[in-house]
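Asks: Sharing a structure here in structure tokens format.
The values are calculated or read from the model by the stated rules, or taken from the named source; none is laboratory data. Just so it is clear, the structure is predicted and the values come from calculations on it, not from any experiment. When we count neighbours, we look across all protein chains shown, and the Cβ atoms used for this are built from the backbone with ideal geometry, even at glycine. Quick note on the areas: whole protein, heavy atoms, side chains included, nothing else; ligands and nucleic acids left out. Shrake-Rupley method; radii C 1.70, N 1.55, O 1.52, S 1.80 Å.
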Amino acid sequence: MQILIWVFKVLLICSILGAFPLSVARTITQAPEVCSEVDRAALLDFKAKILKDTTESLSSWIGRDCCGGDWEGVQCNPAGRVTALALQIPERDNSLYMKGTLSPSLGSLQFLEVLVISGMKLITGPIPENFSNLTLLTQLVLEDNSLQGNIPSGLGRLSFLQTLSLAGNHFRGAVPPSLGNLRNLVLINLGRNSLTGPIPSTFKSLLHLQSFDLSFNLFSGIIPEFLGQFRNITFIDLSSNQLSGHLPLSMFNLVSLSDLSLSNNQLTGIIPDQIGNLKSLTSLSLSSNKFIGHIPVSISRLQNLWSLNLSRNGFSDPLPVISSRGIPSLLSIDLSFNNLSLGTVPNWIKDRQLSDVNLAGCKLRGTLPKFTRPDSLSSIDLSNNFLTGSISTFFTNMTSLQKLKLSNNQLKFDLSELRLPDGISSIHLHSNQIVGSLSSILNNRTSSFLEVIDVSNNLISRTIPEFTEGLSLKVLNIGSNRIAGQVPSSISNLIELERLDISRNQISGTIPTSLGQLMKLQWLDLSINRLSGKIPTSLLGIKAMRHVNFRANRLCGEIPQGRPYNIFPASAYAHNLCLCGKPLPPCRGKKDEMGQ
């Protein structure tokens, strides 16, 4: 869904800007007059307030002519006045940033129509109050920085504004009611901040809105009825707030609405039958609320719906009977963790060409289901059910499967029966009755795509196999089994590993020093085994470590005296033979070194 949101925003903003790209861009218009000295001074003051620029965009801001085409991100009109400043880092590039503050001098660029400073990560401080002087502004995009404070009420004076995005910052407090004066707004995105209070009633004036995003904040109160007046709206995301009350019936008049996400709130009541009126709806997420009642059969009238997520509510039986022609575009369905007792996977789900099927906690019983179109499935979650039997034929023709969750069932099989699809990236099989050896799934044929293995709390025995080079594992959880033997030194080949849990087994021998080569490791649990010897000091080289547990082994000697090992809680080292040193008492004959 995030990709769709991003595409929508780019298309919308670009359509408004015409040929002007929302990226770090160079001037491509005809050569203007030499730029205004006032505007040049304002830009240079902005540059001076940026203390570090790893994008190197501002290094091009040299010379007297800011309008000649060489000042990156700057666009001027023929009179030499700056009309646009657009500096944006590609969303996926985490290495580049600007560090500093927004200079109030930008508020003196009186001809500015477009201001985009986005994705810079470390630009802090408030939005200068005098940005309210930019009365010609049509686009204000300051998303994904570290701006803070309140949203200035003066922004409500920018009457030509069509796009306002302040998402991904640290803004707090209530949204100023004055933003309701921006009657030309087509897109407003205040998501991913810490904004509080109700959705302002003044927003009822924003009748031209096409995209409305307040997600990941602390908004409370009800969803206002006036949303039903936004006849042109195609995108609403109010997810991850503290909104309560029922769904307003007016919302179901929005015939152009294609994407609706209200997940992770405290909404109550039922889904009204009028849901079937949303003819353009392609994605509906109401997960993690307090909805009750039946899922209405009118949902089958949503001809364009491809993603349906109703998980983690209180919906009850029976499910609607949906014909083969109902919801014809459906690709992804999530009904997990409701009050449903399905028994078996309904035929209208099992017989479709779906990519994602999530029916966790739906009281499924019997053997694993056989899907009519297994080749289309990329993600399956049937965890927390009562499924029994073997898995030997389950993966037949599942050539596209990437993610599998069958945890917390009563499956009983040997790991040697697993025939994993080549492209699978994560498998969650914990808390079943699985036997056999890890070497059946961890060997020289293990796919390089595999990133997550969780087979904890089963009956797996024998030893930990040797790890070959080229594996991409990020999570390996084999805790609570019957595994013996030693931790192989070849564990250093798991260079991408972030989480390792081998707790509650019968593993003996020493902790290999090669474990210290896993520089990305953040979580390590070796507790309740038979490990002996010292905790290797090589672990001090792992700077990303956030959690360790060596409890209940036979370890002895000094705990590595460096952060974070000497500041982890003492319980992480308890019940060993003779561990000593911070956070435990000092070793005999060695004074406790203060300050470590």
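Asks: Residues of segment 82-94 being modelled with pLDDT under 90 and open to solvent by 20 Å² or more (accessible area, probe 1.4 Å), which ones?
Replies: 90, 91, 92, 93, 94
Asks: Counting residues that are out of contact with any Asp or Glu (no Cβ under 6 Å at 6 or more places or on another chain) and open to solvent by less than 10 Å² (accessible area, probe 1.4 Å), which strands (runs of 3 or more DSSP E) fully inside segment 144-204 reach at least 2?
Replies: 163-165, 187-189
Asks: Within the bounds of segment 201-215, is there any residue that is closer than 22 Å to residue 297 by Cβ and aliphatic (A, V, I, L, M)?
Replies: Restricting attention to segment 201-215, the residues satisfying the condition of being closer than 22 Å to residue 297 by Cβ are none.
The answer is no, given that none of the residues of segment 201-215 is closer than 22 Å to residue 297 by Cβ and aliphatic (A, V, I, L, M).
Asks: Okay, next question. Looking at segment 53-69, which of its residues are open to solvent by 20 Å² or more (accessible area, probe 1.4 Å) and under 18 Å from residue 112 (Cα atoms)?
Replies: Matches in segment 53-69: 65, 68.
Asks: Within segment 354-363, can you find the residues that are more than 14 Å from residue 339 (Cβ to Cβ) and open to solvent by less than 20 Å² (accessible area, probe 1.4 Å)? Please lay out each step first, then the result.
Replies: In the first step, residues of segment 354-363 are kept if they are more than 14 Å from residue 339 (Cβ to Cβ); the result is 354-358.
Scanning segment 354-363 gives 354, 357.
Asks: Could you count how many residues in segment 40-52 are outside any helix (DSSP H, G or I) and either open to solvent by less than 40 Å² (accessible area, probe 1.4 Å) or of a type in the set (Lys, Arg) (or both)? I'd like the intermediate steps shown before the answer.
Replies: The first filter runs over segment 40-52 and keeps only residues outside any helix (DSSP H, G or I), leaving 50-52.
Still in the running and either open to solvent by less than 40 Å² (accessible area, probe 1.4 Å) or of a type in the set (Lys, Arg) (or both): 50, 52.
Matching residues across segment 40-52 total 2.
Asks: Now a separate question. Going through 272, 248 one at a time, which residue ends up being touching a helix residue (DSSP H, G or I) at 6+ places or on another chain (Cβ under 9 Å) and open to solvent by less than 10 Å² (accessible area, probe 1.4 Å)?
Replies: Result of the check over 272, 248: 248.
This table checks each residue for (1) of a type outside the set (Asp, Glu); (2) over 23 Å from the mean Cα position of the chain (by Cα); (3) buried (at least 18 other Cβ atoms within 10 Å of the Cβ).
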{"position": "414", "(1), (2), (3)": "no, yes, no"}
{"position": "431", "(1), (2), (3)": "yes, yes, yes"}
{"position": "449", "(1), (2), (3)": "yes, no, no"}
{"position": "456", "(1), (2), (3)": "yes, yes, yes"}
{"position": "459", "(1), (2), (3)": "yes, yes, no"}
{"position": "464", "(1), (2), (3)": "yes, yes, yes"}
{"position": "477", "(1), (2), (3)": "yes, no, yes"}
{"position": "489", "(1), (2), (3)": "yes, yes, no"}
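Asks: Additional query: Could you count how many residues in segment 317-349 are of a type in the set (Ser, Thr, Tyr), part of a loop (DSSP other than H, G, I, E, B) and touching an Asp or Glu at 6+ places or on another chain (Cβ under 9 Å)? Lay out the reasoning, then the answer.
Replies: Just the residues of segment 317-349 that are of a type in the set (Ser, Thr, Tyr), to begin with: 323-324, 329, 332, 336, 341, 344.
Going one step further and asking which of them are part of a loop (DSSP other than H, G, I, E, B), we end up with 323-324, 329, 336, 341, 344.
Narrowing further to those that are touching an Asp or Glu at 6+ places or on another chain (Cβ under 9 Å): 324, 336, 341.
Summing the residues that are of a type in the set (Ser, Thr, Tyr), part of a loop (DSSP other than H, G, I, E, B) and touching an Asp or Glu at 6+ places or on another chain (Cβ under 9 Å) in segment 317-349 gives 3.
Asks: Quick one: count up the residues across segment 534-576 that are in a loop (DSSP other than H, G, I, E, B) and open to solvent by 50 Å² or more (accessible area, probe 1.4 Å).
Replies: From segment 534-576, those in a loop (DSSP other than H, G, I, E, B) are 534-536, 542-546, 550-553, 559-569, 574-576; that's our starting set.
Filter again for open to solvent by 50 Å² or more (accessible area, probe 1.4 Å), leaving 534, 543, 546, 551, 563, 567, 569, 575.
Selection size over segment 534-576: 8.
Asks: Here's another thing I want to ask about it. Being surrounded by 21 or more Cβ atoms within 10 Å (Cβ to Cβ) and either within 30 Å of residue 573 (Cβ to Cβ) or in contact (Cβ under 8 Å) with a residue 12 or more places away in the chain (or both) is true for just one of 481, 493, 408, 443. Which residue is that?
Replies: Going through 481, 493, 408, 443 in turn, just one is surrounded by 21 or more Cβ atoms within 10 Å (Cβ to Cβ) and either within 30 Å of residue 573 (Cβ to Cβ) or in contact (Cβ under 8 Å) with a residue 12 or more places away in the chain (or both): 481.
Asks: Could you say whether any residue in segment 453-473 is in a helix (DSSP H, G or I) and either of a type outside the set (A, V, I, L, M, F, W, C) or at pLDDT 95 or above (or both)?
Replies: The answer is no; no qualifying residue exists.
Asks: Continuing with this model, one more query. Would you confirm whether any residue within segment 95-110 is open to solvent by less than 10 Å² (accessible area, probe 1.4 Å), among the hydroxyl-bearing types (Ser, Thr, Tyr), closer than 19 Å to residue 134 by Cβ and not in a loop (DSSP other than H, G, I, E, B)?
Replies: No, because not a single residue in segment 95-110 is open to solvent by less than 10 Å² (accessible area, probe 1.4 Å), among the hydroxyl-bearing types (Ser, Thr, Tyr), closer than 19 Å to residue 134 by Cβ and not in a loop (DSSP other than H, G, I, E, B).
Asks: Of the residues that make up segment 518-528, is at least one of a type in the set (Asp, Glu) and within 21 Å of residue 454 (Cα to Cα)?
Replies: There is at least one residue in segment 518-528 that is of a type in the set (Asp, Glu) and within 21 Å of residue 454 (Cα to Cα).
Asks: What is the number of the single condition among (1) surrounded by fewer than 22 Cβ atoms within 10 Å (Cβ to Cβ); (2) part of a strand (DSSP E or B) that residue 284 does not meet?
Replies: The failed condition is (1).
Asks: Sticking with this structure for a sec: For segment 350-388, give me each residue that is outside any loop (DSSP other than H, G, I, E, B) and over 17 Å from residue 404 (Cα atoms). Show your work before the answer.
Replies: Quick first cut of segment 350-388, residues outside any loop (DSSP other than H, G, I, E, B) only: 350, 356-358, 364-366, 374-376, 379-381, 386-388.
Result: 365, 366.
Asks: For segment 209-222, which positions are touching a residue at least 40 places away in the same chain (Cβ under 8 Å) and either out of contact with any helix residue (DSSP H, G or I) (no Cβ under 9 Å at 6 or more places or on another chain) or among the hydroxyl-bearing types (Ser, Thr, Tyr) (or both)?
Replies: 211, 215
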